[in-house]
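Below: one structure, written as structure tokens.
The values are calculated or read from the model by the stated rules, or taken from the named source; none is laboratory data. On a predicted model such as this, the values are computed, not experimentally measured, just so you know. Every residue, glycine as well, gets a Cβ built from its backbone with ideal geometry; the counts of neighbours run over all protein chains shown.
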């Protein structure tokens, strides 16, 4: 009886943990690096930001769709050559930005 209860508790814990583990695997990645290029779409509703990661110096292309960051690109608040902190998630094979801002204060 005691082993049956512990087996049931283990099975229910595994059932709860499985979706959480999948969500953590598809979690966000944070990088800090220099913004090398901004490519705004013709309709202005999205942009591609190419960032050179400080760790490993790899180029990372991030798709930006949020209105606040696009507005900052348009008003030149975020420019090429500025060090930025970017948090993104991989969705359908693309790095989709969740957060992008300069590291140097205001």
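Against the condition over 18 Å from the mean Cα position of the chain (by Cα) and either part of a helix (DSSP H, G or I) or at pLDDT 95 or above (or both), how does residue 49 come out, does it pass? Walk me through it before giving the result.
On the way: over 18 Å from the mean Cα position of the chain (by Cα): no; either part of a helix (DSSP H, G or I) or at pLDDT 95 or above (or both): yes.
Judged against the criteria, residue 49 is not a match.
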Exactly one of these conditions fails for residue 78: (1) farther than 16 Å from residue 28 by Cβ; (2) loosely packed, with under 15 Cβ neighbours inside 10 Å. Give me its number.
(2)
What are the residues in segment 75-106 that are part of a loop (DSSP other than H, G, I, E, B) and in contact with a helix residue (DSSP H, G or I) (Cβ under 9 Å, 6 or more places away or on another chain), if any?
77, 78, 79
Of all residues in segment 84-96, count the ones that are farther than 13 Å from residue 38 by Cα and in contact with a strand residue (DSSP E or B) (Cβ under 8 Å, 6 or more places away or on another chain).
9
Kindly indicate whether any position in segment 58-74 is assigned to a loop (DSSP other than H, G, I, E, B), modelled with pLDDT under 95, over 13 Å from the mean Cα position of the chain (by Cα) and surrounded by fewer than 13 Cβ atoms within 10 Å (Cβ to Cβ).
yes
